[in-house]
Amino acid sequence: MTVTRPIIAMPDAQTVTEIRHWTDRLFSFRVTRPRSLRFRSGEFVMLGLMGDNGKPLLRAYSIASPSWDEELEFYSIKVPDGPLTSRLQHIQPGNQIVLRPKPVGTLVLDALLPGRRLWFFATGTGVAPFASLVRDPDTYERYDQVILTHTCRHADDLGYSRDLVAATMDDPLVGEQAQAQLSYFPTTTADESAQMGRITNLLRSGEVFQALDVPPIDPVSDRAMVCGSIALNTDMKEILEGFGLREGSNSKPAEYVVEKAFVD
Ligand SMILES: Cc1cc2nc3c(=O)[nH]c(=O)nc-3n(C[C@H](O)[C@H](O)[C@H](O)COP(=O)(O)OP(=O)(O)OC[C@H]3O[C@@H](n4cnc5c(N)ncnc54)[C@H](O)[C@@H]3O)c2cc1C
């Protein structure tokens, strides 16, 4: 009997199964999922590529697929001179990436107290953890209404979230719940679009509530998750606390949670 040697030589290697380039600055990819990997929708892991020095170059990445998915999906920026993404953007199906199977993060349903309405506030690739959560049946079981807001400079940058929402509405597992409970509120800050402006300004002016026909954020009924730049997160904390919400964590659930989409 011939014994075949495993092709995977590096520890924590996973195989790329699919890649989609959304714009010249954004792409998503899917990889095989380690059998032992259990995670809560909204968490992030460290992933990357082997460097020429034989050491892995790793960065934090939110898992964009839901916890029930057989594969893992990620949504990535392409930083032109970025140590990792200048290379990662060229991966092809069959290539291997390094993935440390130790998921962590605060954008999890367990870090929020029960409520009626759940808001996801994302800018740019900050939508990735919410791509996981909007496909998780638990989200719809815990909340009557789920609102995904996604703000980008350009209209093209909204392609991933637009397709995500459309696919979620048709999904055999969560489609029916999503059709009844999920609202999508995309906005652009540079390009002309149906809804323009920073989400922070639209919350301060109340335009979001009017457009979605919902009452203003209230600490009794509303819960929120925020994922964006440090500037967005700081502004959103002030806005949400102005509405009376308190920041929660895994160990002390409250009304809102925040995570950086990247380190400036
Ligand atoms: C908790 C956490 C979760 C993250 N999840 C994701 C994710 O799901 N998808 C993703 O693309 N990135 C994510 N990031 C950022 C990611 O870790 C890397 O920074 C990114 O992949 C770029 O790596 P790099 O080595 O090419 O450049 P880096 O040296 O890491 O970054 C160079 C510069 O590019 C800018 N930048 C980095 N990432 C972004 C971004 N996502 N959006 C806009 N500007 C950015 C920053 O100004 C940064 O200083 C996350 C970061 C954190 C802290």
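Can you tell me which residue in segment 228-250 is farthest from the ligand (Cβ to nearest atom), limited to those that are over 19 Å from P216 (Cβ atoms) and in a loop (DSSP other than H, G, I, E, B)?
This residue is G248.
For segment 215-223, check the following and say yes or no: at least one residue is assigned to a helix (DSSP H, G or I) and assigned by TED's automatic domain parsing to the domain that holds F120.
Residues of segment 215-223 that are assigned to a helix (DSSP H, G or I), as a first pass: none.
For segment 215-223, residues assigned to a helix (DSSP H, G or I) and assigned by TED's automatic domain parsing to the domain that holds F120: absent.
One line per residue, one yes/no per condition, for (1) among the hydroxyl-bearing types (S, T, Y); (2) at negative phi:
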| residue | (1), (2) |
| --- | --- |
| L58 | no, yes |
| F74 | no, yes |
| T85 | yes, yes |
| N95 | no, yes |
| G105 | no, no |
| G124 | no, no |
| P137 | no, yes |
| Q145 | no, yes |
| L148 | no, yes |
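Among the residues of segment 143-175, write down those that are surrounded by fewer than 17 Cβ atoms within 10 Å (Cβ to Cβ) and closer than 23 Å to S221 by Cα.
Passing the criteria: only D144.
Report every pair of residues separated by at least 6 positions or lying on different chains whose Cβ atoms are under 7 Å apart, first residue within segment 101-128 and touching a residue at least 24 places away in the same chain (Cβ under 8 Å) and not assigned by TED's automatic domain parsing to the domain that holds V79, second near the ligand (Cβ under 10 Å from one of its atoms) and of a type in the set (S, T, N, Q).
Close Cβ pairs satisfying both conditions: T123/S229; T125/S76; A128/S62.
Evaluate the following for V220: is it hydrophobic (A, V, I, L, M, F, W, C), at negative phi and under 16 Å from the mean Cα position of the chain (by Cα)? Can you show your working first?
On the way: hydrophobic (A, V, I, L, M, F, W, C): yes; at negative phi: yes; under 16 Å from the mean Cα position of the chain (by Cα): no.
No; evaluated as a whole, the condition is false for this residue.
Look through segment 32-61, keep the residues that are more than 30 Å from E141 (Cα to Cα) and not in a strand (DSSP E or B), and return whichever of them is nearest to the ligand (Cβ to nearest atom).
Start the filter on segment 32-61 by keeping residues that are more than 30 Å from E141 (Cα to Cα), which leaves 47-59.
Still in the list and also not in a strand (DSSP E or B): 51-55.
Details: G51: 11, D52: 15, N53: 15, G54: 18, K55: 14 Å.
Restricting to residues being more than 30 Å from E141 (Cα to Cα) and not in a strand (DSSP E or B), the top hit is G51.
Of the residues that make up segment 191-212, is at least one among the acidic types (D, E) and within 16 Å of the ligand (Cβ to nearest atom)?
Quick first cut of segment 191-212, residues among the acidic types (D, E) only: 191-192, 207.
From what is left, the residues that are within 16 Å of the ligand (Cβ to nearest atom) are none.
Within segment 191-212 (the criterion being among the acidic types (D, E) and within 16 Å of the ligand (Cβ to nearest atom)), the answer is no, since none of the residues qualifies.
Quick grid of which residues meet (1) part of a helix (DSSP H, G or I); (2) more than 13 Å from the ligand (Cβ to nearest atom); (3) under 12 Å from the mean Cα position of the chain (by Cα):
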residue: L72; (1), (2), (3): no, no, no
residue: S76; (1), (2), (3): no, no, yes
residue: V79; (1), (2), (3): no, no, no
residue: P101; (1), (2), (3): no, yes, no
residue: W119; (1), (2), (3): no, yes, no
residue: P129; (1), (2), (3): yes, no, yes
residue: T139; (1), (2), (3): yes, yes, no
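The values are calculated or read from the model by the stated rules, or taken from the named source; none is laboratory data. As the structure is a computational prediction, the values presented were derived from the model and not from experiment. Cβ: placed from backbone, ideal geometry, glycine included. Neighbour counts: every protein chain shown.
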